[in-house]
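All remarks here apply to the structure that follows.
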Amino acid sequence: MAAHEAEVLIIDDESIVCERLKEFLESKSLYVETFTDSEKAIERLNEKQFDVVVTDYKMAGKTGMDVLLSVKENSPETQVIMITAYATIEKIRGAETVGVFEFINKPFKMSSMYKLITRAAKITRKLR
């Protein structure tokens, strides 16, 4: 597994966000899987452990909060980064109580996301 700095699952109902992040992160030698359907992403998370999950907060069907709860239940070491265009103190506090690693507002810089993911992945790997 040393071939990749981190294994990342990205969930965003906007396919362009998934595509751009995947392309950028793979260029940095990260292993990336993307989903625009949060229910399918949760199914995948039940099959495979990732170092980091990056999820949009507001999506149709299962929300980022549902994803966070599922990850913490099935793979507590996995760090979750939540992205949103609609951050409120209530949402952030709610996610923090469950154990979100970080909230990042859209639009975000790819380089900032990469740094955040590598920091989160180091924590995941220490906990495993």
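Structure above, values below:
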read-out: Of all residues making up the stretch 1-57, the number that are of a type in the set (Asp, Glu) and more than 16 Å from Leu116 (Cβ to Cβ); value: 10
read-out: Any chance Thr34 is buried (at least 18 other Cβ atoms within 10 Å of the Cβ), of a type in the set (Ser, Thr, Tyr) and part of a strand (DSSP E or B); value: yes
read-out: Glu43 vs. criteria in a helix (DSSP H, G or I) and closer than 23 Å to Glu5 by Cα; value: no
read-out: Residues being of a type in the set (A, V, I, L, M), modelled with pLDDT of 95 or more and more than 17 Å from Asp51 (Cα to Cα) - total across the stretch 87-128; value: 1
read-out: Complete set of residues in the stretch 83-128 that are assigned to a helix (DSSP H, G or I), surrounded by 11 or more Cβ atoms within 10 Å (Cβ to Cβ) and of a type in the set (Val, Ile, Thr); value: Ile92, Val98, Ile117, Thr118, Ile123, Thr124
read-out: Residues that are under 20 Å from Leu127 (Cα atoms), of a type outside the set (D, E, K, R) and in contact (Cβ under 8 Å) with a residue 60 or more places away in the chain, drawn from the stretch 25-74; value: Leu30, Val52, Val54
read-out: Condition check for Gln79: closer than 21 Å to Lys91 by Cβ, polar (S, T, N, Q) and in contact with a strand residue (DSSP E or B) (Cβ under 9 Å, 6 or more places away or on another chain); value: yes
read-out: Test: Gly94 is on the phi > 0 side of the Ramachandran plot and of a type outside the set (Ser, Thr, Tyr); value: no
read-out: Scan of the stretch 58-74 for residues that are more than 18 Å from Arg119 (Cβ to Cβ), touching a Leu at 6+ places or on another chain (Cβ under 8 Å) and either in a loop (DSSP other than H, G, I, E, B) or β-branched (Val, Ile, Thr) (or both), ordered by number; value: Val67
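The values are calculated or read from the model by the stated rules, or taken from the named source; none is laboratory data. Just so we're clear, the structure is a prediction, and the values are computed from it rather than from any experiment. Counting neighbours? That spans all protein chains shown, and the Cβs are built from the backbone with ideal geometry, glycine included.
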